[in-house]
Amino acid sequence: METGTLTVPGAEIHYEVRGAGPPLLLLNGGDGDAAMFGPLAGLMAEHHTVVTFDPRGNSRSRLTAPPREQTIEERGRDAHLLLDAVAPGQAAYVFGTSYGGMTGMDLLARHPDRVRALVAHDPFVVDLLPDADRWHALFRELHALHRREGPRPALRRLCEEIGLEDVPEPDEALPPPAREMLSRVEANGAVCLEYELRSFTRFRPDLEALRAGRCTLVTGEERPGALTHRTTATLAERLGTRVTEFPGGHVGYLTHPAEFAAALRGAFAD
């Protein structure tokens with residue numbers, strides 16, 4: 001694995017590259033970083049040049065400008081600049097989970113020549129829901145809770161409300177790399193609540209661009225009552241397409257990497 005740092009407006013992006021072959025860009029959601037894709041990236045690197053990165057302001061990607069509310073479009077620009085640096089002129093396969101799926105949609109809409117195929121997993125397109133106002137009100141409450149009591153109570157309530165598993169806390173019994181990754185992710189929770197959650201969930205994808213490109217919508221087969229299932233199904237209905245189930249839950253790429261890699265290869269081959 002090779003690592004590097006890419007300077008972009010307002011940030012320095014930590015990225016990792018594995019393998020050889022057609023480029024595959026993996027895009028994180030929420031508080032994740034490149035290490036959460038480690039098991040999946042290792043498997044996909046057998047046939048691809050796999051690119052992963054820590055989103056700006058998270059983990060090892062430090063901000064070089066004062067922190068402020070971020071947007072999916074900004075994250076999409078970072079992804080495009082990274083593709084230019086690592087795979088100049090090439091069209092990439094793109095997999096994104098949660099916010100990462102939305103980032104992939106922005107990348108496909110703005111730079112269709114750079115996206116060979118997009119697989120969007122559990123895209124959190126809350127603003128498409130008929131009860132979107134209720135959820136936006138909740139996210140404002142969680143922001144206030146975070147400011148009063150810290151990120152952990154706010155993240156716990158978020159997971160309860162949307163029906164997803166909470167991120168485990170670092171445990172001394174875990175191997176050092178896993179413990180370090182969880183410590184970084186725990187710290188990223190504050191960034192998500194302060195600068196991402198309220199603005200990212202206002203993102204509305206360009207439906208015509210998604211229809212014109214190659215976009216596959218997938219969701220975790222576990223926790224069918226999760227809000228991410230609703231958002232994915234709602235987007236599929238708008239696009240007139242279907243949703244494919246992938247192994248595991250919202251982080252199936254981490255908990256079921258072998259099965260997930262096989263499903264991802266199949267989605268790209270369709």
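Every number in this text was worked out from the coordinates using simple rules, so none of it is lab data. Everything numeric here is computed off the predicted structure, so don't read it as measured data. When we count neighbours, we look across all protein chains shown, and the Cβ atoms used for this are built from the backbone with ideal geometry, even at glycine.
Rounded, prolate or oblate: pick one for segment 139-270, where a ≥ b ≥ c are the square roots of the eigenvalues of its C-alpha gyration tensor, a/c under 1.5 means rounded, and failing that, prolate if a/b is larger than b/c, else oblate. Note, shape of segment 139-270 comes out oblate. When a/c is below 1.5 the answer is rounded, else prolate if a/b is larger than b/c, else oblate, so apply that to segment 219-263 with a ≥ b ≥ c taken from the square roots of the Cα gyration tensor eigenvalues. It comes out oblate by the Cα gyration axes. Legend: calculated FRET efficiency, Thr71 to Cys159, from the Cβ-Cβ distance at R0 = 35 Å, rounded to 0.05, equals 0.90. Using every pair of separate Cα atoms, the Kirkwood estimate puts the hydrodynamic radius of segment 1-89 at 13.1 angstrom. Dividing the summed helix terms, -39500 (n - 2.57) for each DSSP H run of n ≥ 4, by the number of residues in the chain produces a 222 nm estimate of -13500 deg cm²/dmol to the nearest 500. Around the Cα centre of segment 36-144, unit charges on the Cβ atoms of Lys, Arg, Asp and Glu (plus for the first two, minus for the last two) sum to a dipole of about 300 debye. Counting every other Cβ atom within 10 Å of each residue's Cβ, Ser98, Ser199, Ser61 order from fewest to most as Ser199, Ser61, Ser98.
Among residues other than Glu16 whose Cβ falls under 11 Å from its Cβ, what is the net charge (Lys/Arg +1, Asp/Glu -1)? Summing Lys and Arg as +1 and Asp and Glu as -1 gives -1. Of Gly249, Ala20, Ala209, whose Cα points farthest to the positive end of the dipole of the chain (charges on the beta-carbon: +1 Lys, Arg; -1 Asp, Glu; origin at the Cα centre)? Farthest towards the positive end: Ala209. Listed from fewest to most Cβ neighbours within 10 Å, the set Asp122, Asp31, Asp127 follows the order Asp127, Asp31, Asp122. Net charge of the neighbourhood of Gly89, taken over other residues with C-beta under 13 Å away and scored Lys/Arg +1, Asp/Glu -1, is 0.
Between the entries (i) 7, 28, 35, 22, 7, 1; (ii) 7, 32, 40, 19, 2; (iii) 7, 31, 37, 18, 5, 0, the label attached to P(r) over Cα pairs in 10 Å bins from 0, in percent calculated for this structure is (ii). Subtracting the Cα-Cα distance of Arg242 and Arg265 from their residue separation scaled by 0.36 nm leaves 6.5 nm. Label-to-label distance for Ala137 and Arg179 is 4.4 nm, based on points extended 7 Å past Cα in the beta-carbon direction. Looking only at segment 90-122, which residues have a backbone nitrogen under 18 Å from a spot 7 Å from the Cα of Thr255 in the C-beta direction? Residues 97-99, 121-122 qualify, since their backbone N sits under 18 Å from the label point.
Basic side chains Lys and Arg get +1 at the Cβ, acidic Asp and Glu get -1 at the Cβ, and with that the dipole of the chain about its Cα centre reaches some 560 debye.
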